[in-house]
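The values are calculated or read from the model by the stated rules, or taken from the named source; none is laboratory data. Quick caveat, the model's predicted, so the values are computed rather than measured. For neighbour counting, all protein chains shown are included, and Cβ atoms are generated from backbone atoms with ideal geometry for every residue, glycine included. Ligands, DNA and RNA are stripped out before the accessible areas are found, and what is left, the full protein with its side chains, is counted by its heavy atoms. Shrake-Rupley method; radii C 1.70, N 1.55, O 1.52, S 1.80 Å.
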Amino acid sequence: NMRVFANGLLTGLILQTAIGPVFFFIINLALQRSLYDGLIAVAAVTLVDYFYISLAILGIGKLLEKKKVKKAFGIISSVVLIIFGLVIIKGVMGESIATIPNIQSVSLLTSFSATFFLTISSPMTIVWYTGLFTAKAVEYNYTKRELLVFGLSVGLATLLFMGTSVILFSLVKKTVPISLIQTLNIIVGSLLILYGAVRFTKVLKNSA
């Protein structure tokens, strides 16, 4: 079972290197707010990943491969990404430079829920995990129990990779100028809008 665990951890870490908008969103939280905000956001992502991994193991991911369900999910998640992007950019435009670091008034619950919704609204995650689990189950002829161990370690990779990134960025936070944080905010916001827009057009094109 250790071999299955190691394989899952390695697979999870490889998945993590495909850095997406959620990663930037979390690093942004750690830089702008606090280490705790970053870490609670990591907990939110890990929780969503485990939720999707469980669904993948149960085989519910097959449901999302149905055209209508996929289309609805695709549209909703694209709109959520665009809204998140706009909110982030509006935050930068609305803040005077002096007040930028003082966003501690926003609670940890907000950081958790924002990251949670951002991650869970990406149906690609479940399609991604289902494909991965099916491939691994076939390739290594995993039993149900081995798939559970594999899933546990894939999710753990999210926690390790994101958690380490947040801690490292928090350590250099004091040396990061405010203007750079503002620029990062605009980049993150723009990435989310772009990502959402591209996904939205893809969904419409595929359903045409």
Output the residue which, of all residues in the stretch 192-208 that are within 22 Å of Gly85 (Cα to Cα) and modelled with pLDDT under 80, is least open to solvent (accessible area, probe 1.4 Å).
-> Leu192
Check on Ile57, modelled with pLDDT of 70 or more, aliphatic (A, V, I, L, M) and open to solvent by 40 Å² or more (accessible area, probe 1.4 Å) | no
Enumeration of residues in the stretch 145-182 that are part of a helix (DSSP H, G or I) and modelled with pLDDT under 80 | Lys173, Lys174, Thr175, Ile178, Ser179, Leu180, Ile181, Gln182
Within the stretch 24-32, is there a residue that is closer than 10 Å to Thr119 by Cβ and either open to solvent by 20 Å² or more (accessible area, probe 1.4 Å) or within 14 Å of the chain's Cα centre (by Cα) (or both)?
-> yes
Can you tell which of Val42, Val87, Val92 is under 26 Å from Ser170 (Cβ atoms), modelled with pLDDT under 80, assigned to a helix (DSSP H, G or I) and open to solvent by less than 40 Å² (accessible area, probe 1.4 Å)?
-> Val92
Residues Val138, Val166, Val176: which one is of a type in the set (A, V, I, L, M, F, W, C), surrounded by fewer than 16 Cβ atoms within 10 Å (Cβ to Cβ) and more than 26 Å from Gly59 (Cα to Cα)?
-> Val176
Those residues that are touching a Leu at 6+ places or on another chain (Cβ under 8 Å) and more than 26 Å from Ala72 (Cβ to Cβ), I need them from the stretch 171-208; list them, please.
-> Lys173, Val176, Ile181, Leu184
Hey, any hits in the stretch 191-206 for a residue that's under 22 Å from the mean Cα position of the chain (by Cα), at negative phi and in a loop (DSSP other than H, G, I, E, B)?
-> no
